[in-house]
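> Could you have a look at this structure, given as structure tokens, before my questions?
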Amino acid sequence: MSKFLWKTTALALILMLVMGGCAPTPTPAPTPAPSEPTPETKTDREDRIEIFKANALANWGDDYEMVRYEIDNQTETYDRVV
């Protein structure tokens, strides 16, 4: 056996001993967390619109155009957020 082959073989054996074998030990896949149902977002759109109406009437009184504008604006914004 030549010196080069002997050194290469010895180095390979040392590496195998240090690393625990010639192939890396596969790490186990993480177990997924138990699947919990996603809670539904509870929205009462009609209740919110009633609140928008009450606030608009309190702010604008008999000014129907402004009341309607505020209700529509608040409802549109609410729909975008929810």
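> Here are some residues: Ala29, Ala10. Which one is part of a loop (DSSP other than H, G, I, E, B) and either at pLDDT 75 or above or of a type outside the set (Val, Ile, Thr) (or both)?
Ala29
> Condition check: modelled with pLDDT under 75 and within 33 Å of the chain's Cα centre (by Cα). Does Glu40 satisfy that?
yes
> Something else about it: Could you please give the count of residues in the range 51-82 that are loosely packed, with under 12 Cβ neighbours inside 10 Å and among the charged types (D, E, K, R)?
5
> Sticking with this structure for a sec: I need the full set of residues from the range 48-66 which are among the charged types (D, E, K, R) and assigned to a helix (DSSP H, G or I), in order please.
Arg48, Glu50, Lys53, Glu65
The values are calculated or read from the model by the stated rules, or taken from the named source; none is laboratory data. These figures come from a predicted structure and were not determined experimentally. Using ideal geometry, Cβ is built from the backbone for each residue, glycine included, and neighbour counts are taken over all protein chains shown.
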